[in-house]
Amino acid sequence: MVGFCSRKGKGAKIVQAVVVALITSVCSFGLPWLAKCQPCPKTLGIPGEATCPTYGRTGNFKSFHCPADTYNDLAGLFFNTNDDTIRNLFSKGTNGEFAFSSLIIYLVTSYSLALLTYGIAVPSGLFVPAILCGATYGRIMGMAMKQIYGTAGPMDEGIYALLGAASFLGGSMRMTVSLCIILLELTNNLSLLPLIMLVLLVSKTVGDGFNDALYHLHVQIKDIPFLEAHPLPFMRHLTARDAIMGPLVWFSVVERVGTILEVLHTTKHNAFPVVDDNFDDGKNERPVFCGLVLRSHLLVLLKKKQFLERREQGGLQHDGTFSPAEFAKPGSGKGAKIHDIDVDIAEEEMFLDLHPVTNTSPYTVVETMSLAKAYTLFRQLGLRHLCVMPKSSEV
């Protein structure tokens, strides 16, 4: 479902969120009926009382439909907040608090709901669901180890839950240092540092052998431009000119409106070279590179219809037609789109003066530069546009 909402309208997004919320509610309220009532653990009871220890709406135990002195362990997982559920799963000294079947049901449900919810048009993350899934199957592994080693098992089930959460997070998100610190803060127990480090390293290594990290895959699915930390090895054998795709697309300092519209409709470039192709003075034998103009700036000019009837530099009118905010970097999905521009046939024969919105000193590299070096330069400087030029300053 990742990316589904981006291709649908607002109504479809609302319907999708309502359907997912309905499915989540049905699972949360219906599945606890599948669990059996269990007697309250004697070791956890409040002295002098025979009831399960619980405090208002929170606590490890939920009576649900069970009689007195019993509790429903699956309801204790579904009817708590995520924070309390994680705390219950991580709790030490609670071996046997959750039945094996209840943990299996909760693991399958929470994992399925996490996959269903991630990507819809609601502010839902994946970090906490990953902790819940990992802690649940960690508890399951702890119970399995108890079956193998008996009551004298190697570790408490709560520690298995912590290590399960670490392995799930490390295998899906591939973070190591930050996760180690977060999990240590949760436990406040430095003696678990070697175990957590070992689990994170093993899970990350195994995950790297199959695919990329979860968020990296999401970037690829959404087609978001992303530069890796280091250039790929094959880039050392290529030059910057080899990265140029297709013929050069450029504009004159004063360009015809119809030409600009055609280029914007047929290309996806974010910036275009601007050249001075005026040969009337006889000084230049070929066009001279003037700078770069951004697609977003062209769209602003087209939307405001700052057109000239003749092919001459006229500049921009500073009579309130434009504001500096209109030429600022737009947020994701907030800028103007070429399909929203309405220009008639007569206006297509007019001209736009691009000189006032042209960046006359863009960062340029020569075409013979190594592609790996250009890649590193592009990333280290945080550039959005990099212009490849011949050794001379002319196009």
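Using a cut-off of 28 Å between Cα atoms, the listed pairs Lys10/Lys204; Lys204/Lys373; Lys268/Lys304; Lys13/Lys337 include Lys10/Lys204; Lys204/Lys373 as exceeding that distance.
Sequence-ordered 3J(HN,Hα) estimates for the range 75-87 from the Karplus curve with 6.51, -1.76 and 1.60 and θ = phi - 60° stand at 5, x, 8, 7, 8, 9, 5, 4, 4, 5, 5, 5, 5 Hz, glycine and proline given as x. For the range 5-221, the square roots a ≥ b ≥ c of the C-alpha gyration tensor eigenvalues yield an a/c of 1.5 or more together with a/b not exceeding b/c, which makes the shape oblate. When peptides 340-346, 142-148 are ranked by their average number of other Cβ atoms within 10 Å per residue, the highest-first order is 142-148, 340-346.
The separation of the range 108-152 from the range 177-240, counted between C-alpha centres, amounts to 20 Å.
Listed from fewest to most Cβ neighbours within 10 Å, the set Tyr215, Tyr71 follows the order Tyr215, Tyr71. About its Cα centre, the dipole of the range 5-221 is roughly 580 debye, where the only charges are +1 on Lys and Arg Cβ and -1 on Asp and Glu Cβ.
Taken about its Cα centre, the range 101-229 carries a charge dipole of roughly 200 debye when the Cβ of each Lys and Arg holds +1 and the Cβ of each Asp and Glu holds -1. Here's the picture: charge each Lys and Arg Cβ at +1 and each Asp and Glu Cβ at -1 in the range 5-221, and of Tyr160, Cys40, Ser178 the one pushed furthest to the positive end of that dipole is Ser178. When peptides 234-244, 298-308 are sorted by average Cβ neighbour count within 10 Å, with the highest value leading, the order is 298-308, 234-244.
Read-outs: derived from the displayed coordinates by stated rules, not from any lab. The shown structure was predicted, so the numbers you read here are calculated from the model rather than taken from an experiment. No Cβ is skipped: glycine too gets one built from the backbone with ideal geometry, and neighbour counts run over all protein chains shown.
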